[in-house]
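The values are calculated or read from the model by the stated rules, or taken from the named source; none is laboratory data. Bear in mind the structure is a predicted one, so any value in this text is a computation, not a measurement. As a convention, Cβ positions derive from the backbone with ideal geometry for all residues, glycine included, and neighbour counts pool all protein chains shown. SASA here: full protein model, heavy atoms, side chains in, ligands and nucleic acids out. Shrake-Rupley method; radii C 1.70, N 1.55, O 1.52, S 1.80 Å.
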Amino acid sequence: MAHEPAAERRLERRTSAATATDAELAAAAVAGDPGQVGGWGPVVDWPVVGVHVALLENGKVLAYDSVGDNATETYPVHDHTRATVWDPATGTHTPVNVDTGYNLFCSGLAHLADGSLFLAGGNKDAQLHGIVQTHVFDSATNAWSLGQDMAFERWYPSVTPLHDGEMLITEGGPDVPEVRELDGGLRALNTASLNLPLYPWMDVAPDGGAFYSGPGPTMRSLDPAGGGSWSQSLGQRDNLNRDYGSHAMYDVGKILVTGGASSSSGARVIDINRATPRVSATAPMAFGRRQHNLTVLADGTVLATGGNSSGASQVDLNNGVYEAELWSPATGQWQTLAAMRETRQYHSTALLLPDGRVLSSGGGICTTCDQVGYLAKNAEVFSPPYLFKNDGSGQLAQRPEITSAADEIPHNVPFIISTPNAASIAKVALVRLGAVTHSVNMEQRYVPLSFTAGCGALRATAPANPNIAPPGVYMLFVIGADGVPSVARMVVIRASAPAPPAELPACSSDQPPTQPSTPQPSSGIAPRTAGPQPEGAGTSVDRKAPALDVRVDRRQRVLRARSVVAFARCDERCTVSARGGLRIGRRSYDLVRVSRTTRGDQRESLKVRLTRRATLALRRALTDGTPATVRIGLRGRDAAGNRSALVRATVRVMR
């Protein structure tokens, strides 16, 4: 159920009218050179409120909200969820409403190691009870599926990717955490019961434990092995309960915490690279904030957006914070940036995009929201100062470019990044895909990499271990000496990935290699200077995407072969990756991802294999006569890193 479009526009106009003067004053106060303060794009209407958003491995954004625009508790039926996939490249939306019979409002969300999105909990009814269901969203097929039920109903849980690829589920009502295991099964941590606030801030620490930094003031660490165990108190972060504040892991083992409580302006840095966390004060924000979002940017600085400054629990249209602020880890100081056009408060989100910009969306869907007329069913995109020339022209800066890199990389090995800008690169970093709701990004982390620059390429070293970079999909950025980042290349970090090529190309006599570089502190980039960046001599960039031809028998005896077989051929030598899921009724089971190199002159077979759990479920389904299908997606990538269009296929399982 939703408002008619005319009613939606009236609600949004009411919000805009109530906040227009404040927005205009804020914009005027920080107007200036985009190279100093950045710039906001136009406000664009969306088909959903961006209450929950996640960056997908294809560079698009999944957003979902609830069953309608009004407070969720005003609706008697909760058998679906509005959802959309937004493409930043085109601005288009693809409807992907949840069709499993559940409302995923106030669920927890984070990415599995294969890049699909795992969700826990949601909203059962008008009384705001939680649900036991888990879901998976597959970006390759835009399909929703049910996972195994949790032992407890959850509403407002956090989901945290662990070092071994399992997923930790905490709070949402019950005090007993649960873990999603690699085969999709769930394990209750019955010896780790502890009362925490809703949507707790949990991040994997360098020691492999799940570190709790807030919103409550007492720091702790959870060992999720077996039945689980919590540490004793690891000390007090400060004396505030920072509910609806925000946090961000901006470097290895380093967390920035800001705002919350009664719209505090205070900020703390927590260093968890030792047995006892060390907390230090950093400069306060220029504005007190609550219901805001922190977003780690491509260069390791941290952006604060939105919120209210009055301490209002959810919404105060008279005290919205429009100005963005940028925190530098190198100086510990904040810089006030350009002001957004819409107030972003309760149920608003912010997300780093692969091009280095930040999506800001949502706001609304609550009782107070209805009472004051707050509905932000729209989005706007912020371009940070690092995307502009620093000469006052307001023009976009020339960006370094990644022309190729390995698709999959194991931990602690060197790998090659091809770039015509090798001589001018000052920093290389990985940023994990974000998943955000209620001011909590449940998995963002920034991992700088050491590297050596050669001729037309960099030799970088992958993160040392999965405690530093849990397995999954990351954005790979290179940042120039002037602070300008590239567009990200998506890479998968996982222990079982084959070791990629690691030899730098030979230099000609007039192209000596540069000296090695070590990981810089997040923001250890020299001030940006105007002017073009040096290019690699004689470098030719291949930008032609390979054409992928796929043949799939639409009816297969999947159980007998324990796999689904597809035949693929590119029009040139390329690596084809295939992934998929088995669907039985409303439940889904992940299949084992597979990759294979094709030579371009012949068709190669790829077997997408069933897991043990999927095999058992399929055997039961075939015995019971329950229909089963497998959906797979295949994509090719050539040596230059160009990717083919995604090819999808659905296979009906035969007995």
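Sorted largest first by accessible area at a 1.4 angstrom probe radius, with every protein chain in place, the residues Lys60, Lys427 fall in the order Lys60, Lys427. Left without a cysteine partner by the 4.7 Å Cβ rule in the chain: Cys106. Computed from the C-beta positions of Arg620 and Asp207, the FRET efficiency with R₀ = 56 Å rounds to 0.85. Among 453-465, 158-170, the peptide with the highest mean count of other Cβ atoms within 10 Å heads the list, and the full ranking is 158-170, 453-465. The simple Förster model, with R0 at 51 Å and r as the Cβ-Cβ distance, assigns Ala495 and Val77 a FRET efficiency of 0.70. Extension gain, Asn412 to Arg554: 0.36 nm times the residue separation minus the Cα-Cα distance gives 47.0 nm. One Cα centroid belongs to segment 231-260, the other to segment 37-89; the line between them spans 27 Å.
Need one number: nm distance between label points at Phe567 and Gln371, each 7 Å from Cα along Cα→Cβ, rounded to one decimal. The modelled label-to-label distance comes out at 6.6 nm. Net charge dipole, segment 58-148: roughly 100 debye, given to the nearest 20, about the Cα centre with Cβ charges of +1 for Lys and Arg and -1 for Asp and Glu. Each principal axis of the Cα cloud of segment 372-506 was taken in turn, and the coordinate range along them, longest first, works out to 62, 40, 18 Å. A full extension of the chain between Arg652 and Ala225 corresponds to an added length of 149.9 nm, given 0.36 nm per residue minus the alpha carbon distance.
Classify segment 26-81 as rounded, prolate or oblate from the Cα gyration tensor: take a ≥ b ≥ c as the square roots of its eigenvalues, call it rounded if a/c is under 1.5, otherwise prolate when a/b beats b/c and oblate if not. It is oblate, given that a/c is not under 1.5 and a/b is not larger than b/c.
Residues in segment 97-180 average 22 Å² of solvent-accessible surface per residue, probe 1.4 Å, ligands and nucleic acids excluded.
For the chain, a crude dipole built from +1 on the beta carbon of Lys and Arg and -1 on the beta carbon of Asp and Glu, taken about the Cα centre, is about 2240 debye to the nearest 20.
Remark: spin-label model distance Ala283-Ser393 equals 2.9 nm, labels positioned 7 Å along the Cα→Cβ axis.
May I ask which of Lys544/Lys607; Lys389/Lys544; Lys427/Lys544; Lys389/Lys427; Lys254/Lys427 have a Cα-Cα span longer than 25 Å here?
Distance filter (> 25 Å) returns Lys544/Lys607; Lys389/Lys544; Lys427/Lys544.
Based on C-alpha pairs under 8 angstrom that are at least 6 apart in sequence, the chain has a relative contact order of 13 percent.
Excluding ligands, DNA and RNA, the accessible surface per residue across segment 585-628 is 57 Å² with a 1.4 Å probe.
Carbon-plus-sulfur accessible fraction, the chain (probe radius 1.4 Å, protein heavy atoms only): 50%.
Working note: Debye formula, equal point scatterers on the alpha-carbon atoms of segment 129-191, no solvent; log10 I(q)/I(0) at q = 0.19 Å⁻¹ is -0.72. Calculated on the alpha-carbon coordinates, the convex hull of the chain measures out at 144 cubic angstrom per residue. Extension gain for Ala464-Arg187 works out to 96.9 nm (0.36 nm per residue, less the C-alpha to C-alpha distance).
For segment 545-609, the alpha carbon positions stretch 38, 20, 15 Å along the principal axes, listed from largest to smallest.
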